[in-house]
Amino acid sequence: VPLVSDPAVAGKIFNAGVYGQLQTKLAQGLDLVAGLRLDYGHYPTSPLNEELLKEVGVRTDHKLKSFVVQPRFQMTWDVNEERKDFFRVGAGVFASDINNYMTINNLTFDGKHFATVDVRGSDVPTPDFVGYRKDPSTTPTLAQFQVPTINTYGPDAKIPVVYKANVSYTHFFTEKLKASLSGYMNLGRNNYMYVDRNMVQDPFFRLTNEDNRGVFVPAASIVDGAPDWKKGRISNKFGRVLELNSEGKVNQFAVVLDASYQYFKDGSISVSYTWNDAKDNTSFNGNVANTATLSLAVKDDPRDLSKMSYSNNQFRNKIVIYGTLPTFYGVSVGVRYSGIGGTRYSLLAGGNINGDFVAGDNDLAFIFDPNSPNTSKQLITGLNNLLNNPEASQSLKDYIKKYEGKIAERNGGVNGFYGLIDLRIAKKFSLYKNHALEISGDLFNVANLFKKTWGVNESLGNQNLYALGGKDAAGEKLIPFDVTKQQFNYNVNNSGIVSPSGNPYQFQLGLRYSF
């Protein structure tokens, strides 16, 4: 598959896979299915950028390691072959193909085809649109500020791999009533993540009042609380040098209890409960390299992937209940309840505190202790107002209290439970032979129909706990960053009151003709 039209960077992806499987009976009621899969992928690489290697020490000609051996098996035991008790256990290795969009970016953003411009202050030209129309040649190009942006494979880049295991027990109480208990483990390794290699290795200084948080630009480059990330580059001849590594990890465990019962003709009810635990060191899952650094909330160094914490995709509990009434004169009625709880969110500082490229979306908040004499009066007042507000989210209060005097844990906030009820009614008309007409009506989020405060999601997403600057306790304007003290000045800007979200009730009508 050709990836790009430019012959200088054009290449092809070649994938080959071989799979073999056997199935055998090991003993009475004990069946085994085992398999082995071999996958190999060839991915094109960019030529070596000699200047980048000299300036930053990063090579652009690394190859993606893509040969993966994947054994797997599944054993099923039908106890005494009575079709009442079933035990299942399985495990295996499963490889994932690399995201082709990233492959394209790694080929084209090689330093010879695209450039970026980041200007501020006196480098920003004063617009003269009338003059530009009179003489288009006077339109500024900012060509002198253009620097190449790099996307490339790191020396250890590999194909992501997931190690899976499962165990389950199913019991049939009757032919129409059964229950199952299952456990799942998924260990993701070699997950991809981009880090900026054109960023100084060590911070220029540390914020002693924020748990020694590192700042990767000089203090003098922070103007009105906004660091100039360009001052933290190793080489000014390049912009961001985003290198794809394979340090991403995810550990996910789940326990599922489900049961189903069929009653009176075609009436049925099924119930499923899931307990889940998912932790990772990055929740990036592909596409644009910049988004990798936007989505990971950090204390200071965005390249440090040593810390595992709850995933952006974490939830703790999930319940699904679905039931249908027996068909009556061709009318069927179904009700579904689905609920989820224990999703996660982070408390952010509200600014680009560490001085990296990301402007305020990836810096975890330091939770100032309102009982500490070192905490400013405006922060004490703001935090106490939030903690004492009866309408504020208890989840947010718990998060703040847990990390007082420390950097907030990534995804340390825990949301409560939230559920929806949906209703479906359908009527089927038999016409001629196997021809039939079905009219259906769906009502989504039934509870919201009766009261607008019901069936709404009161979960929190990532929250900016602070705003830079503002006013102190005496009403005097605060400087967002104090160069002399080398510390940021904050005000609490989060009331803690959740803004309800989610979809209101909706009606849907359907018509289906079958033959």
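Numbers for the structure displayed
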read-out: Alpha carbon centroid spacing (whole Å) that separates the stretch 61-105 from the stretch 453-500; value: 46
read-out: Within the stretch 198-298, chymotrypsin sites (Phe, Trp or Tyr not before Pro) in DSSP loop having at most 11 other beta-carbon neighbours inside 10 Å; value: 264
read-out: Alpha-carbon Rg with Dmax, taken over the stretch 99-183, Å; value: 29.0, 87
read-out: More than 12 Å apart - percent of Cα-Cα pairs taken over the stretch 461-500; value: 63
read-out: Residue order for 466, 505 - accessible surface, 1.4 angstrom probe, largest first; value: 505, 466
read-out: Equivalent ellipsoid semi-axes, the stretch 186-330, via Cα gyration tensor eigenvalues times 5, rooted, Å; value: 49, 16, 15
read-out: Unit charges on C-beta of K, R, D, E only; dipole of the chain, Debye; value: 1200
read-out: Sorted largest first, extent of the stretch 372-427 alpha carbons per principal axis (Å); value: 70, 24, 12
read-out: Dipole magnitude (debye, nearest 20) for the stretch 52-209, charges at Cβ of Lys, Arg, Asp, Glu; value: 260
read-out: Coordinate range along principal axes, alpha carbons of the stretch 45-112, Å, largest first; value: 71, 20, 16
read-out: Table column - 3J(HN,Hα) (Hz), the stretch 262-279, Karplus curve with 6.51, -1.76, 1.60, x for Gly and Pro; value: 10, 10, 5, 6, 10, x, 8, 8, 9, 10, 9, 10, 10, 9, 9, 9, 9, 10
read-out: Restraint check, 54/112; 63/112; 299/377; 231/471; 158/249; 249/318, Cα-Cα greater than 21 Å; value: 299/377; 231/471; 249/318
read-out: Loop trypsin sites (Lys or Arg not before Pro), the stretch 409-515, which have at most 16 other Cβ atoms in a 10 Å radius of their Cβ (DSSP); value: 433, 451, 452, 485
read-out: Calculated FRET value between residue 187 and residue 440, using beta carbons and R₀ = 30 Å, to 0.05; value: 0.10
read-out: Gain on full stretching of the segment that runs from residue 113 to residue 262 - 0.36 nm per residue minus C-alpha separation; value: 47.3 nm
read-out: Solvent exposure ordering (accessible area, 1.4 Å, most first) of 185, 102; value: 185, 102
read-out: Förster-model FRET efficiency, 45 Å R0, residue 38 and residue 174, C-beta, rounded to 0.05; value: 0.50
read-out: Using a Förster distance of 56 Å, the FRET efficiency for residue 104-residue 124 (Cβ separation, nearest 0.05); value: 0.95
read-out: Equivalent ellipsoid, the chain (semi-axes from 5 times Cα gyration tensor eigenvalues, Å); value: 49, 34, 26
read-out: Alpha-carbon Rg with Dmax, taken over the stretch 85-145, Å; value: 25.8, 85
read-out: Accessible surface, 1.4 Å probe, highest first, among residues 98, 497; value: 497, 98
read-out: Relative contact order [Cα under 8 Å, 6+ residues apart], the chain, whole percent; value: 10
read-out: Largest-first ellipsoid semi-axes for the stretch 5-77, taking √(5λ) over the Cα gyration tensor eigenvalues, angstrom; value: 46, 14, 6
read-out: Highest-first arrangement of 143-153, 347-357, 371-381, where packing means the average Cβ count within 10 Å; value: 347-357, 143-153, 371-381
read-out: Bridge type composition, the stretch 160-210 - antiparallel percent by DSSP, nearest 5; value: 100
read-out: Gain upon complete extension [residue 515, residue 253; 0.36 nm per residue less C-alpha separation]; value: 89.9 nm
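The values are calculated or read from the model by the stated rules, or taken from the named source; none is laboratory data. Because the structure is a prediction, the values reported are computed rather than measured. Don't worry about glycine lacking a Cβ; one is built from the backbone with ideal geometry, like all the others, and counts go over all protein chains shown. Areas reflect the complete protein model, heavy atoms only, side chains present, ligands, DNA and RNA absent. Shrake-Rupley method; radii C 1.70, N 1.55, O 1.52, S 1.80 Å.
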